[in-house]
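A.B. asks: Structure provided below as structure tokens; questions to follow.
The values are calculated or read from the model by the stated rules, or taken from the named source; none is laboratory data. Values in this document were obtained by computation on a predicted structure and should not be read as measured data. So basically every Cβ, Gly included, is an ideal-geometry build from the backbone, and we count neighbours across all protein chains shown. The protein model used for the area step is the full one, side chains on, heavy atoms only, and it has no ligands, DNA or RNA in it. Shrake-Rupley method; radii C 1.70, N 1.55, O 1.52, S 1.80 Å.
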Amino acid sequence: MDIFDIIGPVMVGPSSSHTAGAVRIGYVGRKLLAEPVVKARIGLYGSFWSTGKGHGTDRAIVAGLMGWETDDRRIPESLEYAEENGVEVSFYQADLKEAHPNTAVLHMTGAKGRELEVIAASVGGGRIRICEVDGLTVNVSGEHPTLIVHNLDQPGHVAEVTSMLSHKSVNIATLQLYRNARGGNAVMVLECDQEIPLESIKWLEHLEGVIKVTYLNL
């Protein structure tokens, strides 16, 4: 435990969970989309919906989607900023099962047409947990460079990815593997200690059997 676990992040208030964590959810969502956000449909669940407006949760998430950090003094004006810059934003009450009470669902569209859905929770002290990416259940902190590879469940894909990271001197902190059925669709989620070069991401996207690559570049 360090001092930031005790006093929380440097932020614009009032709440580390409802404000700082919400900014972080939007910020990481934008990073995963890897494009400027032009449209966002945002679902708020639990206390994010019931008390979020008073805590500025809606404005905090939009601020993160704009690429602002938790200490940005423009956070209270994020909705107006988004409207002025042609970013379409809407909110709804999310209906989730067994979710953390501070959870948001982000349906994002980027400037180049890429779409991504992220479900994330604010777990306290400004920290978040990414729970789903495009319907895939994951458990990602958003504090490390993270690579998410959707691929066919075939031999060799995990070895290709891990060998590439080793060649680029990128150390793997955590590795999660999922598949819907033997020989079906599979996903690997890798949190890393170093950033992954862009050319390596492009190389992965063109591998036979790879369906989609999402990368959280911090």
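A.B. asks: Using only helices, what value at 222 nm comes out for the chain when you add -39,500 (n - 2.57) per DSSP H run of length 4 or more and divide by the total residues, to the nearest 500 deg cm²/dmol? Each step should come with its number before you reach the end.
C.D. replies: Working: 8 runs with 61 residues, N = 218.
The helix-only estimate for the chain comes to -7500 deg cm²/dmol at 222 nm.
A.B. asks: Something else about it: If you place +1 on the Cβ of every Lys and Arg and -1 on the Cβ of every Asp and Glu, how big does the dipole about the Cα centre of the chain come out, in debye to the nearest 20?
C.D. replies: Dipole magnitude for the chain comes out near 240 debye.
A.B. asks: In whole percent, what relative contact order does segment 160-218 give with Cα contacts below 8 Å and a gap of six or more residues? Intermediate results must be reported in sequence, preceding the final value.
C.D. replies: On the way: 55 pairs, mean separation 16.5, N = 59.
Computed over segment 160-218, the figure is 28 percent.
A.B. asks: Could you point to the residue in Ala104, Thr162, Thr57 farthest towards the positive end of the chain's charge dipole, with +1 and -1 charges on the Cβ of Lys/Arg and Asp/Glu respectively?
C.D. replies: Ala104
A.B. asks: Efficiency by 1/(1 + (r/R0)^6): what FRET value for Glu35 and Glu195, r their Cβ-Cβ distance, R0 = 22 Å, to the nearest 0.05?
C.D. replies: Numbers: r = 18 Å, r/R0 = 0.82.
Once the sixth-power term is evaluated, E becomes 0.75.
A.B. asks: What does the accessible area per residue of the chain come to in Å², with a 1.4 Å probe and no ligands, DNA or RNA counted?
C.D. replies: Numbers: 10970 Å² over 218 residues.
Per residue, the chain has an accessible area of 50 Å².
A.B. asks: Please name whichever of Ala186, Ala173, Gly67 sits farthest to the positive end of the charge dipole of the chain, dipole taken about the Cα centre and charges placed at Cβ: Lys and Arg +1, Asp and Glu -1.
C.D. replies: Checked the options; the winner is Ala186.
A.B. asks: Using heavy-atom solvent-accessible surface (probe 1.4 Å) with all chains present, what is the largest-first order of Cys131, Cys192? Could the numbers behind the result be given before it?
C.D. replies: Details: Cys131 30, Cys192 0 Å².
Largest accessible area first, the residues go Cys131, Cys192.
A.B. asks: Please state the relative contact order of segment 13-99 as a whole percent: Cα pairs under 8 Å, 6+ residues apart? Please list the in-between numbers first.
C.D. replies: On the way: 123 pairs, mean separation 34.6, N = 87.
Computed over segment 13-99, the figure is 40 percent.
A.B. asks: If you don't mind, there's one more thing I want to ask. What number, in percent, do you get for the relative contact order of the chain if the mean sequence gap of Cα pairs under 8 Å and at least 6 apart is divided by its residue count? Spell out each step's value before the answer.
C.D. replies: Details: 468 pairs, mean separation 45.8, N = 218.
Once normalised by length, the contact order is 21 percent.
A.B. asks: Considering only Lys202, Lys39, Lys53, give the residue with the highest GNM mean-square fluctuation for the chain, with springs between Cα atoms whenever their separation is below 10 Å.
C.D. replies: Among Lys202, Lys39, Lys53, the largest GNM mean-square fluctuation belongs to Lys202.
A.B. asks: Then there's this: What number comes out for the charge environment of Val123, summing +1 per Lys or Arg and -1 per Asp or Glu over other residues with Cβ under 11 Å away? Provide the component values of the computation, followed by the final result.
C.D. replies: Details: positive: Arg24, Arg127, Arg129; negative: none.
Overall, the nearby charge balance is +3.
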